[in-house]
Amino acid sequence: MQRILSLLHKYTDADKLFSMPNHYRIQFPPSDSEKLGQDEIYFTLIENGEAKRLRFHDYDEIYKRPGLYEQLFYERLGCNSPEKVADLLQRALNTVREPVTELRVIDLGAGNGMMGEVLKREGVARLVGADIIPEARDAAYRDRSTVYDDYYIDDFANMDANVLEELREWRFNCLTCVAALGFGDIPPRAFFNAIKLVRTDGWLAFNIKESFLDHTEQTGFSRLVRELIFSKYLEVYHLERYRHRLSMEGTQLFYYALVGRMTASIPEDFLEQYGIED
Ligand SMILES: C[S@@+](CC[C@H](N)C(=O)[O-])C[C@H]1O[C@@H](n2cnc3c(N)ncnc32)[C@H](O)[C@@H]1O
């Protein structure tokens, strides 16, 4: 009996999402979605007989509906980025024989907790989520109530002084950020401020669209990542090109997953030094 109860407890949270009765009716546009920018892409949700157009970036509306985010990005479009980034982080830790159980992680752009779920399963010591919209935290607490030790809502590009103070107290030694950098999501300043919360010898584990490493791309974000990779402040352990997910047309979207370790404190004026703006 005890064993049955503990098995039930173990699987309840994870199974909940895929056994939820509310499987949504989603329609993708007839064609040409690839001409749209990544933050303009939309789909149609048929709900109570009504058609509602939602952009992929309408996270507030998506998170309000339990399981919609998972159905869209993970089931239908085959996203596997949390597993990929977490796997590379684990491999980097193995290289230096450090246990994952000592990681104190801030998960930036945590959303409804997909990356958090993987990290929690691996047994990190502390896990704090952060996002810019309250719907993300509501969804994470609703669907993955046991994953995060705490979850902060703030604009990391312009941080509230009290939130900053509280976050420093967690003494993070790892920053994760999955499927959230660039493209109208997390801007350079926000990512930089999150990096500054990580201890000098801490880990960074994140993914980026493959074109961000192309030197012809001159957005602030891609320049920040390139400058970081070649700087003395970061030692890269893994940089792997992999399939992040499919587009709505079924083509493969490739990203880089990067895991590195900070080697020195990044100067406060790093962005200014390289003329990186949002
Ligand atoms: C595609 S979701 C990724 C969620 C989760 N990491 C995952 O892998 O499924 C991107 C998340 O980044 C958040 N985000 C966008 N801009 C942000 C910012 N400036 N600061 C913090 N979070 C932000 C969004 O609200 C959204 O929840």
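The values are calculated or read from the model by the stated rules, or taken from the named source; none is laboratory data. This one's a predicted model, so the numbers in the text were calculated from it and none came from an experiment. Here the Cβ is made from the backbone with ideal geometry for all residues, glycine too, and neighbour counts use every protein chain on show.
Would region 104-113 turn up any residue that is assigned by TED's automatic domain parsing to the domain that holds L197, more than 11 Å from the chain's Cα centre (by Cα) and not hydroxyl-bearing (S, T, Y)? Yes: one or more hits. Just checking, does region 200-208 include any residue being within 16 Å of the ligand (Cβ to nearest atom) and in a helix (DSSP H, G or I)? No, there is no match, as no residue in region 200-208 is within 16 Å of the ligand (Cβ to nearest atom) and in a helix (DSSP H, G or I). Checked against the criterion of being on the phi > 0 side of the Ramachandran plot and buried (at least 24 other Cβ atoms within 10 Å of the Cβ), the candidates G129, G116, G109 yield just one match: G109.
Listed by position, the strands (runs of 3 or more DSSP E) enclosed by region 114-194 that each have at least 2 residues that are of a type in the set (A, V, I, L, M) are 126-131. Residues of region 60-113 that are more than 14 Å from the ligand (Cβ to nearest atom), of a type outside the set (A, V, I, L, M, F, W, C) and in contact with a helix residue (DSSP H, G or I) (Cβ under 8 Å, 6 or more places away or on another chain): P66, Q90, P99. Scanning region 218-227 turns up no residue that is modelled with pLDDT under 95 and within 18 Å of E83 (Cα to Cα). The set of residues in region 148-186 being within 14 Å of the ligand (Cβ to nearest atom), touching a residue at least 40 places away in the same chain (Cβ under 8 Å), under 16 Å from the mean Cα position of the chain (by Cα) and buried (at least 21 other Cβ atoms within 10 Å of the Cβ) consists of Y148, Y151, F156, L175, T176, C177, V178, A179, A180, L181, G182, I186. Of all residues in region 105-126, those that are without any contact (Cβ under 8 Å) to a residue 40 or more places away in the chain have Cβ atoms under 6 Å from Cβ atoms of residues that are crowded, with 24+ Cβ neighbours inside 10 Å and part of a helix (DSSP H, G or I), 6 or more apart or on another chain, in G113/A140.
Scanning region 18-35 for residues that are in a loop (DSSP other than H, G, I, E, B) and at pLDDT 65 or above turns up H23, Y24, F28, P29, P30, S31, D32.
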